[in-house]
Structures are given as structure tokens and as C-alpha cells.
1. Rank these for me by crowding, K68, K47, going from fewest to most other beta carbons within 10 Å.
2. Can you count the Lys pairs in the chain whose Cα atoms are under 19 Å apart, with each pair 8 or more apart or on different chains?
3. Could you check the simple spin-label distance between E75 and E4, using points 7 Å along Cα→Cβ, in nm with one decimal?
4. For the residue pair K12 and V38, what label-to-label distance in nm results when each label sits 7 Å from Cα along the Cα-to-beta-carbon direction?
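Since every read-out is calculated from the coordinates, none of them should be taken as a lab result. A quick note: this is a predicted structure, and the numbers were derived from the prediction, not measured. Ideal geometry is used to build each Cβ from the backbone, glycine not excepted, and the neighbour counts take in all protein chains shown.
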Amino acid sequence: MSGEWISLDELKFPEKCPYCGSRRFKVYGARKVEFEAVYEVTDEGIKTIDDQNVDCEYEVAYGLECDKCGEDLSEEAGL
């Protein structure tokens, strides 16, 4: 993977993997999200009761590979 990134909306998924024909892909990326969470403090530690994403500021992709054969398809995806 090249280390470059693009907006997830700009990612060009191939129709299928040119190596094995699979239509399932794994995307590597990052998101900045706003969340709301409820925690409970117990004698054993902190327990998450509820955790929800309420907004997403951005999503970027920095890699794409075939989920079946593992081939790096980042270049074909515009990365």
C-alpha cells in the first residue's frame, strides 16, 4: 500500500478481483466520529453500557485488498 489516502467516496471498487474473481474487498482507512456512550463504574472496572456513533466528520481509505486472496488492489482503486 502506497501510504496515500483518498476520501472513501472517491474509492473506485473494481467489479471483481482480477486475480481470483472475488467480489469482496477489505478497505483499510480511518474515520473521525462523534459518539455518545454510557459507562458504569464497578468494583471490577469500567463497563460500557451503550456506545453509538452519532456523526462522522470524515472517512478516508488508504488501502484496498481482495478479501479472498489478499492481493493488494490499492492502485486499481485510485490510491
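1. Details: K68 15, K47 10.
Placing the least packed residue first, the sequence is K47, K68.
2. Values: K12/K26; K12/K68; K16/K26; K16/K68; K26/K68.
Lysine pair count for the chain: 5.
3. Modelled inter-label distance: 1.2 nm.
4. 4.7
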